[in-house]
1. Which numbered condition in (1) touching a residue at least 60 places away in the same chain (Cβ under 8 Å); (2) touching a helix residue (DSSP H, G or I) at 6+ places or on another chain (Cβ under 8 Å); (3) open to solvent by 20 Å² or more (accessible area, probe 1.4 Å); (4) farther than 30 Å from Thr134 by Cβ is the only one that Leu28 fails?
2. Take the conditions farther than 17 Å from Leu154 by Cβ and at pLDDT 65 or above and apply them to Ile229. Does it pass?
3. Working only within the range 53-90, note down all residues that are assigned to a helix (DSSP H, G or I), open to solvent by 50 Å² or more (accessible area, probe 1.4 Å) and either charged (D, E, K, R) or under 30 Å from Lys291 (Cα atoms) (or both).
4. Within the range 91-111, track down each residue that is open to solvent by 20 Å² or more (accessible area, probe 1.4 Å) and under 8 Å from the mean Cα position of the chain (by Cα).
5. Hey, among the residues in the range 1-35 that are modelled with pLDDT under 90 and under 21 Å from the mean Cα position of the chain (by Cα), which one's farthest from Phe95 (Cα to Cα)?
6. Checking Gly166 against (1) exposed (fewer than 14 other Cβ atoms within 10 Å of the Cβ); (2) farther than 28 Å from Phe8 by Cβ, which single condition isn't satisfied?
7. Looking only at the range 121-154, count how many residues are surrounded by fewer than 16 Cβ atoms within 10 Å (Cβ to Cβ) and of a type in the set (S, T, N, Q).
Amino acid sequence: NLSTESEFVFVDLSDAPEIRLLLFVLFLLIYLATVAGNITLLVAISTDPHLHSPMYFLLGNLSLLDLLCPTVTVPKMLGALLLEHKRISFSGCLFQHFSLIAAVGTEIFLLTVMAYDRYVAVCHPLRYPSIMSTKLSAQLAAGTWATGLLNSLLHTSLVFTLSFCGPNTIQQYYCDIPPVLALSCSSTRSRELVILVVAGMLGSSACVLTVVSYIFIFLEILARKSPGIWHKAFSTCGSHLTVVCLFYGTTICTYVRPSFTYSPHRDRVVSMLYGMLTPLLNPIIYSLRNKDVKCALKRVISQV
């Protein structure tokens, strides 16, 4: 019952050479902008003393994940568009799958930690330095990475220990759970159930904790009845809340659903949203809505 397929083939994004060239230029520009934006944000956070706080430390981890996620998938897609090299080895597909699921899982848990950080900042501002200490921030960040890696290890082992002995064309531009499961020639129902339950439990618990944090923030704002509290809270939490809605919306549409609802054409569009546009938009959202980040970015760009 070992896999007989030694490689997989990605589906063509377009049959027309001129469309492929146009897509190559478009995706290359998006990828370069994503890399430039997140690296600039990382440099600003690491070099500016005003940004040496738990909030920006967690934001730096988010930028690192936003670098990792497209770097795992986009270069291979660009090669397929330009050179028509659409094949990937079984081990290469496994590594790509593991890295991508690890990045997505870690980001879900990191956004939850960032929501707790915003809760402490709004509801317990005087105790914020003692509660969100440097040590606790580092432990929480390390915990998100460890949980994401363990979650990815489980999902990857469930998917890639199946038998693959039939069609080897992946209806996607990277190795993801739904299109790879669709190629298996063995029964996948029990493993799909385990994947759905584990992903649902972890994702829903992270989502609930995020929602609860913002409920407490909202109640605190209502209790204070201060004229400037709404503006201050929005400037503190607006960026994170926007990123959470964008990330959760696209991720849930891709993963938290049964495989019989899988639609290759629709899912390629959705996966591009969270795989390419979300990492691009995250640093833009934080830089536009945060005065400290804007000042730090201006200093970094002027020095460059």
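The values are calculated or read from the model by the stated rules, or taken from the named source; none is laboratory data. This one's a predicted model, so the numbers in the text were calculated from it and none came from an experiment. Positions of Cβ are backbone-derived with ideal geometry, glycine not excepted, and every protein chain shown enters the neighbour counts. For accessibility, only protein heavy atoms count, side chains too; no ligands or nucleic acids. Shrake-Rupley method; radii C 1.70, N 1.55, O 1.52, S 1.80 Å.
1. Answer for Leu28: the failing condition is (1).
2. no
3. Residues of the range 53-90 assigned to a helix (DSSP H, G or I): 54-83, 90.
Now restrict to residues that are open to solvent by 50 Å² or more (accessible area, probe 1.4 Å): 57, 64, 68, 71, 75-76, 82-83.
Phe57, Leu64, Leu68, Thr71, Lys76, listed by residue number.
4. Filtering the range 91-111 for residues open to solvent by 20 Å² or more (accessible area, probe 1.4 Å) gives 91-92, 94-95, 98, 108-109.
Within the range 91-111, just Ile108 meets the criteria.
5. Here the answer is Leu26.
6. Among (1) exposed (fewer than 14 other Cβ atoms within 10 Å of the Cβ); (2) farther than 28 Å from Phe8 by Cβ, the lone unmet condition for Gly166 is (2).
7. The qualifying residues number 4.
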